[in-house]
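**Student:** Here it is, the structure in full.
The values are calculated or read from the model by the stated rules, or taken from the named source; none is laboratory data. No experiment lies behind these values; they were computed from the predicted model shown. In this analysis, Cβ positions are derived from the backbone assuming ideal geometry, glycine residues included, and neighbour counts consider all displayed protein chains. The protein model used for the area step is the full one, side chains on, heavy atoms only, and it has no ligands, DNA or RNA in it. Shrake-Rupley method; radii C 1.70, N 1.55, O 1.52, S 1.80 Å.
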Amino acid sequence: MTESINQQKKHPKGLWVLFGTEMWERFNFYGMRTLLTLFIVNALMISKEDSSIIYGGFLGLCYLTPMLGGFVSDRFLGNRNCILLGGTLMGIGQLLLFTSATVFSGNLELAKTILYVALGVIILGNGFFKPNISSMVGSLYPKSEKNKLDTAFTIFYMGINVGAFLGQLICPILGDVTDTSGIRDVFAFKWGFLAAAIAMLLGTLTFVFLKNKYVVTPDGKPIGGLPSGHSAEDYEEGEAQSTNFSGLSLGLAVAAFIVLGLIFNVVFGQNYIYSIIYASGITLAGLILSDKSLTKIERDRILVIYIVSFFLIFFWAAFEQAGSSLTFIADYQTDRNFFGWNMPPSMVQIFNGVFVVMFAVPFSMLWDKLRAKGKEPVSPAKQALGLLLIALSYFIIAHNVKDLGNSGLLAVHWLVLLYLIQTFAELCLSPIGLSLVGKLAPKRFASLLFGVFFLSSASGYALAGTLGSILPATGEQFKAASDAGIDLKAILDKTVVPTADQIKFLVDNKISNHYPTFAGFTIHNLFEFFMVFVVLCGIASALLFMLVPRLKKMMHGIQ
Ligand code: GLN
């Protein structure tokens, strides 16, 4: 009896191999990410504005290519080869960044060219790596053990965040170095990139050496080989073993992609990268549904993945404010005294990783307990709860910034609380979402559907960029204006018409002379800015909660 309970709780050793591989890979990714914009601005002398466009486009594309990686894996190469290819590419990309950060002082133009090549290689590498490692976690569990997937993905997610935390700690220590007078050592960035490259190498080696022994089925057969190499027992009766897109639907998909891209670009005024991301998401989703081998049940289950992915776009758009508007607020409008230590603004984000590491296991135990009592909510309900929690986190912040005016400072513990609640939200939603894809996706589409799932992150990042740009003037801008004798508030309220000189000053200092607007609403202050996220995520949560009974039916018995 005890034996069988242990057996039920135990996770295959392969999970720990994937945990280690992904941990080192995320060290490489997030470690590089903390240094990237600082390097671009301070060493490559590119403007802050251009650097955030490069950064946003880079991140968005990193989550667009998993669709490609998923396609190549499901049709041609299989998970294992794609992980090795992706890991190698990302390692090469980091070494190119290291090279760029080494040669920039002698040849700035060459260093910039190498930067773009490096980012392109990392984007491709991430595309091969990310969907495949995630879909392998799903494949470790035979059909009868799919109920362990939520917990498995929560453990895996902890690996992601241990890596992210270590990368965000170590790469800045090595690469973001200032001397005692506060002058930045621009020659140090390269060591941070080198550390990221080494981490990627360690991740790839972990996988190379341990995969054959541990990433196997209970009876020892390798998991994640070539797509044609699955044995018939891996499938349910009557389940097709390979994808079957007709030439016509592939052709239509290309046409639809071009038309949709143009619509997003021309009609909705989105930039090229954002247009490509949105258009690819819709096209890929349609393409998968056009596959002739799909049964009604498979189709329903895939639709559930789509619906949940759609709602998650709003979550990531709110969540990813961490790297932009929330960091600006941490920088300019926050008292960052943390138990007597004045923490650097870029470090405030690290609380997310710390809290994931602290709470991932308790969360997974909570699901286990609820499941034992038969009270575990279905996956879409957990996601709706995640959306509700993130709305709550912004509601608390909105109320705390309400009375700050233009010069008051937000105490840093409110941001720490925000990251705590957002981490709880993330844990209800992100690992559970991965697990949902793992459970619902027909095997022949697994990596491709993880690609669709990551496209919701890409779309969320694009939306985050758009929403981040409606951040109204913050304290330091009011101060800069008032130091120059300009009453910015009066200009924004249109009670005073600015002179030509004042306009020049505002333009030179990148201060807008009107309030930003969103969906026809004018955003006057930080309170209204944060309420945008409360409303968006609140509505998304309510709609998803309402859809839960329907989605439950469409999952056809999968919890
Ligand atoms: N932080 C998670 C990761 O790096 C989730 C990212 C995402 O899906 N947007 O895997």
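**Student:** Please work out if LEU543 is among the hydrophobic types (A, V, I, L, M, F, W, C) and farther than 22 Å from GLY433 by Cα.
**Tutor:** Answer is no for this residue.
**Student:** Quick test of your reading of the structure: SER52 fulfils all but one of (1) assigned to a helix (DSSP H, G or I); (2) open to solvent by 50 Å² or more (accessible area, probe 1.4 Å); (3) more than 30 Å from ASP508 (Cβ to Cβ). Name the failing condition by number.
**Tutor:** SER52 satisfies every listed condition except (3).
**Student:** Also, I was wondering about something else. Just need a number here: residues in region 516-559 that are surrounded by fewer than 17 Cβ atoms within 10 Å (Cβ to Cβ), out of contact with any Pro (no Cβ under 8 Å at 6 or more places or on another chain) and either among the hydroxyl-bearing types (Ser, Thr, Tyr) or modelled with pLDDT of 90 or more (or both).
**Tutor:** 10
**Student:** Same structure, new question: Looking only at residues in region 447-479 that are among the polar types (S, T, N, Q) and under 21 Å from the mean Cα position of the chain (by Cα), which one is nearest to the ligand (Cβ to nearest atom)?
**Tutor:** Among residues in region 447-479 that are among the polar types (S, T, N, Q) and under 21 Å from the mean Cα position of the chain (by Cα), the one nearest to the ligand (Cβ to nearest atom) is SER457.
**Student:** A further question follows. Could you say whether any residue in region 220-228 is open to solvent by less than 60 Å² (accessible area, probe 1.4 Å), of a type outside the set (S, T, N, Q), modelled with pLDDT under 70 and not in a helix (DSSP H, G or I)?
**Tutor:** no
**Student:** Just one of ILE155, ILE114, ILE183, ILE123 is closer than 30 Å to SER73 by Cβ, of a type outside the set (Gly, Ala, Ser), surrounded by fewer than 24 Cβ atoms within 10 Å (Cβ to Cβ) and without any contact (Cβ under 8 Å) to a residue 60 or more places away in the chain; which is it?
**Tutor:** On inspection, the qualifying residue turns out to be ILE114.
**Student:** Moving to a separate point now. Condition first: free of Cβ contacts under 8 Å to residues at least 12 places away in the same chain and either within 16 Å of the ligand (Cβ to nearest atom) or not β-branched (Val, Ile, Thr) (or both). Can you find one or more residues in region 375-388 that meet it?
**Tutor:** Yes - at least one qualifying residue is present in region 375-388.
**Student:** Related question: Which ones in region 294-315 are closer than 17 Å to ALA542 by Cα and touching a Phe, Trp or Tyr at 6+ places or on another chain (Cβ under 9 Å)?
**Tutor:** Hits for region 294-315 are VAL308, SER309, LEU312, PHE314.
**Student:** Restricting to region 307-332, give me the number of residues that are of a type in the set (Phe, Trp, Tyr) and either away from the ligand (no atom under 16 Å from the Cβ) or surrounded by fewer than 21 Cβ atoms within 10 Å (Cβ to Cβ) (or both).
**Tutor:** The total comes to 3.
**Student:** With (1) open to solvent by less than 60 Å² (accessible area, probe 1.4 Å); (2) touching a residue at least 60 places away in the same chain (Cβ under 8 Å) as the list, and LEU370 as the residue in question, which single condition is left unmet?
**Tutor:** (2)
**Student:** Okay, next question. So, TYR141, is that one among the aromatic types (Phe, Trp, Tyr) and open to solvent by 10 Å² or more (accessible area, probe 1.4 Å) or not?
**Tutor:** Against the criterion (among the aromatic types (Phe, Trp, Tyr) and open to solvent by 10 Å² or more (accessible area, probe 1.4 Å)), TYR141 does not qualify.
**Student:** What do you reckon, is GLU239 modelled with pLDDT under 80, open to solvent by less than 90 Å² (accessible area, probe 1.4 Å) and either charged (D, E, K, R) or part of a helix (DSSP H, G or I) (or both)?
**Tutor:** Yes, satisfied.
**Student:** Run GLU3 past the list (1) within 16 Å of the ligand (Cβ to nearest atom); (2) modelled with pLDDT under 85 and report the number of the one that doesn't hold.
**Tutor:** In the conditions (1) within 16 Å of the ligand (Cβ to nearest atom); (2) modelled with pLDDT under 85, GLU3 misses (1) alone.
**Student:** For region 496-518, what are the residues that are part of a loop (DSSP other than H, G, I, E, B) and closer than 23 Å to PHE328 by Cα?
**Tutor:** Correct list: ASN509, LYS510, ILE511, SER512, ASN513, HIS514, TYR515, PRO516.
**Student:** Would you confirm whether any residue within region 396-407 is within 19 Å of ASN147 (Cβ to Cβ), open to solvent by 10 Å² or more (accessible area, probe 1.4 Å), without any contact (Cβ under 8 Å) to a residue 24 or more places away in the chain and not in a helix (DSSP H, G or I)?
**Tutor:** Scanning region 396-407, I find no residue that is within 19 Å of ASN147 (Cβ to Cβ), open to solvent by 10 Å² or more (accessible area, probe 1.4 Å), without any contact (Cβ under 8 Å) to a residue 24 or more places away in the chain and not in a helix (DSSP H, G or I), so the answer is no.
**Student:** I'd like to verify a number: residues in region 158-176 that are more than 15 Å from the ligand (Cβ to nearest atom) and either open to solvent by 10 Å² or more (accessible area, probe 1.4 Å) or under 12 Å from GLY438 (Cβ atoms) (or both), how many?
**Tutor:** Summing the residues that are more than 15 Å from the ligand (Cβ to nearest atom) and either open to solvent by 10 Å² or more (accessible area, probe 1.4 Å) or under 12 Å from GLY438 (Cβ atoms) (or both) in region 158-176 gives 6.
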